[in-house]
Amino acid sequence: MSVAKGRQIIREKLNPLISMVSALAVGILFCMVLAFFLGVGSFDLISAIWNGAWGGSNAAATTLSKATPLLLTGLSVSVAYQAGLLNIGCEGQLTLGALSAACFAISASRLPELLLMPLTVIVGALVGGLWALPAIWLRQKRNIHEVVSTLLLNYVAIYLADYLVRGPLGDGSAMARTAEIPPASIWPVWWKLGTLGLTAAPLAALILACILHIWLYRTCWGYEVIACKNNPFAARSAGIAVNRWQTRTFLLSGALAGLAGALEVVAIHHRFYAAFSPGYGFDGITVAFLVNNVPGWTWLSTILIAGLRSADKWLQLSLGISPNTILVLQAVLLIAVACQSRLPVTGIARWRTVFGRLFRYPDQPQQ
Amino acid sequence: MASLQLISLTIGKTAPILLACMGGLISELAGVINFALEGMMLTGAFLAVWLTFVCGSPWIGLMGGALGGMFIGFLHSLVCLKLRANQIVSSIALNLLAAGVTGVLLNQIFQVYGTSPSVGKLPTLRQFKPESLPFIGNWIATAAGDLSILAPLAILLSFLTMAFFKWSVWGLHIRACGENPLAARTAGLSVTLIRFSAVIVGGALAGMGGAYLSIGELSAFVEHITQGRGYLAIAALILGRWKPFGILLAALLFGLSEASSEWLAVTWAGLPYQLFLALPYLVCLAVLMGQVGNKQAPSSLGRL
């Protein structure tokens, strides 16, 4: 193997890292511009975000606890993307997964602890997967793009959960929430950090990310899934059941989002309440795309986005600017990363851009 | 009388979806996927309120709404056509951007969270003295007097769009770019320029749809005022099979389901109100599920 070839392979492996770091650079530049418009010092804004995310052990604990649902929804989006699908419905799947996990834990509280704890999480994941089913059915039988159907399903899921938690499944108070889940199903605190505690949930999500990465890049099944994205026609001719793999992967993706909700219930809130998710489902899209949808690198973008998420209230407290600033920053990160994957232009050959010439290895290395 | 009110309510609910739909149609017929309608509507709704607040005239506000949509459209076409990003990802990012920017600006300009102070509304039909019209004047005054003037304008605009695509050369050029950009380029059209302007003009229409929500129906901007209407508009686009008349029917269906959900919420007050809120989305999903046959999207949709 020539040196150039080896370099190319290493560069391909590091692609997610490069894409995220360059998006982050754009994001920091944009932060400075934004700070100017908001009338705060540019370094004040960046340091406020940093302090909100990692300044002190309480902030770090909050960030790490937010990392669990973000990592899982990010995995959900990236797994679906590896099969050539785009799952925007994490929000709804997460909400219903959380609701069903909470309800299962409450109604099945007489089960032995060894069964109850895993079953609660599994039920959440199953319901999340089930909520992804109509979308993939519409995609395959009616040729409706899954982005449209999952977005519509989000609204239905949120209203459905809202009705259930205010009506038949609520605890009867005016708080629009379910009763607390039995202690046997609650994940214990493992690690005291400041006044807050962390459970094993972030670790579990991280292990799941590793498993998914190995499944996608080191097994035959994963190879078939990725083939469905890269070239569905070639995959079909090679005897890969493209539709079946896409269905399975999309259901898996929904299950991951449902799992995010279930873990949120058993590890943090211990109950379900109305307006459960503060937008974790949509953050998952940013998390996944920041690292080119590679599950093994998702932890990196999760740390970034979870930091932004937990800094939003701090921005309001320390600088008096709206927490929505975080959404703007996320959008800029997403645009910056989307611009890196350049779509091919049909028909005419284009001159490489200056940027491309500077930072690109030759496609065919000289022998 | 009741049914007449339902009709006028339907028209009122259809108008924003229809405007957004037509915006999406222009952009998608030019071959650019436009899921950013939600963001365009949201930005349009906010800018309409802001400019009305500053200038005092809701008509300038309406123009501001169009400008807001055009701005998001400009960003979308810049990111998709010049920087060649994935068009769906770009749309999602722009929806996020619009949600964030409107929230931030609401706080920066009005120093409030959630709802802006109320501003002047666009005139209703009643203020134009429809009684003086022959034949249907009285009917309009009684049944549809409370409708914003933008509602009939929206329907007029949709017919104009229809005529534009059916009879004008520009309409043909736009469709050529969406069907086969290579052929269009060979025939001497500047595909990128046409797509750019199509997305921006579409943005103007969608922004006006947003302005309808903020200064036509209400008289203030509320965070997330669009409530997924941009997504309903995309669904209507699919349902109407990228044909202007089909889209008009699809938008009317969604308008009817929104109107009847308000109607039913009063009639059947015993049922949970979330059911009525979810009704438009449920109807949309049901109709998409029932739809069979060949859907002819522009063949180069999403490709450069």
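One table, with the values for the structure above:
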{"read-out": "Using a Förster distance of 25 Å, the FRET efficiency for A:M175-B:V222 (Cβ separation, nearest 0.05)", "value": "0.55"}
{"read-out": "B:I60-B:A183 FRET efficiency (beta carbon distance; Förster radius 56 Å; 0.05 resolution)", "value": "0.85"}
{"read-out": "Whole-number percent relative contact order across chain B, with pairs defined as alpha carbons under 8 Å at least 6 apart", "value": "37"}
{"read-out": "Theoretical ellipticity at 222 nm over chain A - DSSP helices of four or more residues, -39500 (n - 2.57) apiece, nearest 500", "value": "-23500 deg cm²/dmol"}
{"read-out": "Accessible area buried at the B-A interface, both sides summed, 1.4 Å probe (Å², nearest 100)", "value": "4500"}
{"read-out": "Dipole of chain B [Lys/Arg +1, Asp/Glu -1 at C-beta], most positive-end residue of B:M40, B:Y212, B:L182", "value": "B:L182"}
{"read-out": "Residue among A:L252, A:L34, A:L263 with the largest mean-square fluctuation in a Gaussian network model of chain A, springs linking Cα atoms under 10 Å", "value": "A:L34"}
{"read-out": "Sequence-separation-based contact order of region A:17-343, relative, with Cα cut under 8 Å and 6+ spacing, percent", "value": "37"}
{"read-out": "Within chain B, helix-based [θ] at 222 nm, where runs of 4 or more DSSP H residues each add -39,500 (n - 2.57), nearest 500", "value": "-23000 deg cm²/dmol"}
{"read-out": "Shape category assigned to chain A from the gyration tensor of Cα positions, a/c cut at 1.5", "value": "oblate"}
{"read-out": "GNM result for chain B, Cα springs below 10 Å: residue of B:V283, B:V266, B:V49 fluctuating most strongly", "value": "B:V266"}
{"read-out": "Two-site FRET efficiency, A:I214 against A:S2, from Cβ-Cβ distance with R₀ of 25 Å, rounded to 0.05", "value": "0.30"}
{"read-out": "Nearest-ten-degree value, helix B:87-110 long axis tilted from longest Cα axis of chain B", "value": "40"}
{"read-out": "Potential extension, B:Q127-B:V266 segment - 0.36 nm per residue separation minus Cα distance", "value": "47.3 nm"}
{"read-out": "Distance (nanometres) between label positions extended 7 Å along Cα→Cβ at A:S237 and A:W50", "value": "5.4"}
{"read-out": "Region A:17-343 - percent of accessible surface contributed by carbon and sulfur, probe 1.4 Å", "value": "69"}
{"read-out": "With all protein chains modelled, accessible area of B:I11 [1.4 Å, Å²]", "value": "50"}
{"read-out": "Solvent-accessible ranking of B:I7, B:I238, largest area first, probe 1.4 Å", "value": "B:I7, B:I238"}
{"read-out": "Over 26 Å between alpha carbons, listed pairs A:K13/A:K141; B:K13/B:K243; A:K66/A:K192; A:K229/B:K166; A:K141/B:K243", "value": "A:K13/A:K141; A:K229/B:K166"}
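The values are calculated or read from the model by the stated rules, or taken from the named source; none is laboratory data. Keep in mind that this is a model prediction, so the values were computed, not measured. Because the Cβ atoms are built from the backbone with ideal geometry, glycine has one as well, and the counts that use them run over all protein chains shown. Note: accessible area is taken over every heavy atom of the protein model, side chains too, but ligands, DNA and RNA are not part of it. Shrake-Rupley method; radii C 1.70, N 1.55, O 1.52, S 1.80 Å.
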